[in-house]
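So the structure is just underneath, and the comments pick up after that.
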Amino acid sequence: MTDFPAHIKTVCVYCGSSARVADVYKDATRELAQYLAKNGVKVVYGGGRVGLMGLLADTVLEAKGYVIGVIPEYLVYKEVQHDHLSENHVVDSMHTRKKMMVDKADAFVILPGGFGTLDEAFEIMTWRQLGMHEKPVVFMNVNEYWTPLFAVVDKISSEGFSGAESKNLFSIANSTADLPEALLRAPTSPLDPRTKWM
Ligand code: AMP
């Protein structure tokens, strides 16, 4: 198994806020959390205690890792703000939250999730497409959850709505064991935003 890349000190994890999901997703979340803590990698996430998000934070903390939560004020009750994090930021809006999460991270890992997770994943990829950051983005394809999404990405490209380079916006890991390699495989050079339209 490849070592975790030493230059990646902090990983932003996007994942679902629902707990009504199969064990396979919970197990993968725990495994990722333990792996990051064991490798001394800090975790940034949305700051809540609900669903996979809460499980992620609890597991990192149990494994003596470091967790940074970033939550907008109006979600403090809805997503039940976690109150034992290593660092906690309550911010004024969703936009501030997303920007802070991006600024603090060296890489992004996307576990299964719902609309919020998709919104975050696409935002981070479109920001990369526009040259706003050059950090690796990895989808954890737990239980093939994201496979239909990859088909949509292919369709977007084959129908000309994005350049072939759009596939370089992210890489895929099937398990935590694949993560370091997927992070290293993710291209780090800036995409030329003009190629999107050519
Ligand atoms: P979900 O994947 O829908 O369970 O949401 C996961 C996380 O994404 C939650 O912390 C949401 O607050 C967050 N999120 C980020 N952007 C959005 C958005 N535009 N709509 C809904 N949730 C969002």
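The values are calculated or read from the model by the stated rules, or taken from the named source; none is laboratory data. Since this is a predicted model, take the numbers as computed values, not measurements. All Cβ positions, glycine included, derive from the backbone under ideal geometry; neighbour counts span all protein chains shown.
Which of the residues belonging to the stretch 105-121 are of a type in the set (Asp, Glu), surrounded by fewer than 21 Cβ atoms within 10 Å (Cβ to Cβ) and near the ligand (Cβ under 10 Å from one of its atoms)? Talk me through it step by step, then tell me what you get.
Filtering the stretch 105-121 for residues of a type in the set (Asp, Glu) gives 106, 119-120.
Narrowing further to those that are surrounded by fewer than 21 Cβ atoms within 10 Å (Cβ to Cβ): 106, 119.
The answer is Asp119, and nothing else.
Within the stretch 1-15, does at least one residue satisfy the condition of being in a loop (DSSP other than H, G, I, E, B), surrounded by 21 or more Cβ atoms within 10 Å (Cβ to Cβ), on the phi > 0 side of the Ramachandran plot and near the ligand (Cβ under 10 Å from one of its atoms)? No: the stretch 1-15 contains no residue that is in a loop (DSSP other than H, G, I, E, B), surrounded by 21 or more Cβ atoms within 10 Å (Cβ to Cβ), on the phi > 0 side of the Ramachandran plot and near the ligand (Cβ under 10 Å from one of its atoms).
Filtered by the rule that a residue be modelled with pLDDT of 95 or more and among the acidic types (Asp, Glu), the stretch 160-198 gives Asp178, Glu181.
For the stretch 142-183, a residue qualifies if it is hydrophobic (A, V, I, L, M, F, W, C) and part of a loop (DSSP other than H, G, I, E, B), and the qualifying residues are Trp146, Phe161, Phe170. Has the stretch 51-74 got at least one residue that is closer than 19 Å to Pro180 by Cα, outside any loop (DSSP other than H, G, I, E, B), more than 13 Å from the ligand (Cβ to nearest atom) and not small (Gly, Ala, Ser)? Yes, there is a match, as at least one residue in the stretch 51-74 is closer than 19 Å to Pro180 by Cα, outside any loop (DSSP other than H, G, I, E, B), more than 13 Å from the ligand (Cβ to nearest atom) and not small (Gly, Ala, Ser).
Taking the stretch 16-41 as the range and being among the charged types (D, E, K, R) and either within 16 Å of the ligand (Cβ to nearest atom) or without any contact (Cβ under 8 Å) to a residue 40 or more places away in the chain (or both) as the test, the residues that pass are Arg20, Asp23, Lys26, Asp27, Arg30, Lys38. Every test in (1) within 13 Å of the ligand (Cβ to nearest atom); (2) at pLDDT 95 or above is passed by His82 save one, and that test is (2). For the stretch 122-145, filtering for residues that are surrounded by 21 or more Cβ atoms within 10 Å (Cβ to Cβ), within 16 Å of the ligand (Cβ to nearest atom) and more than 13 Å from Ile172 (Cα to Cα) leaves 1.
Filtered by the rule that a residue be part of a strand (DSSP E or B) and under 14 Å from Val44 (Cβ atoms), the stretch 84-98 gives Glu87, Asn88, His89, Val91.
Would you call Val21 buried (at least 24 other Cβ atoms within 10 Å of the Cβ), touching a helix residue (DSSP H, G or I) at 6+ places or on another chain (Cβ under 9 Å) and aliphatic (A, V, I, L, M)? Break it down stepwise before answering.
Values: buried (at least 24 other Cβ atoms within 10 Å of the Cβ): no; touching a helix residue (DSSP H, G or I) at 6+ places or on another chain (Cβ under 9 Å): yes; aliphatic (A, V, I, L, M): yes.
No; evaluated as a whole, the condition is false for this residue.
Can you find a residue that is without any contact (Cβ under 8 Å) to a residue 60 or more places away in the chain and in contact with a strand residue (DSSP E or B) (Cβ under 6 Å, 6 or more places away or on another chain) anywhere in the stretch 105-113? So that I can check it myself, show each step before the final result.
Our first condition is that a residue be without any contact (Cβ under 8 Å) to a residue 60 or more places away in the chain; within the stretch 105-113, this holds for none.
Checking the stretch 105-113: not a single residue is without any contact (Cβ under 8 Å) to a residue 60 or more places away in the chain and in contact with a strand residue (DSSP E or B) (Cβ under 6 Å, 6 or more places away or on another chain).
Selection over the stretch 122-141 of residues that are more than 13 Å from the chain's Cα centre (by Cα) and either closer than 19 Å to Leu111 by Cβ or assigned to a helix (DSSP H, G or I) (or both) gives a count of 4.
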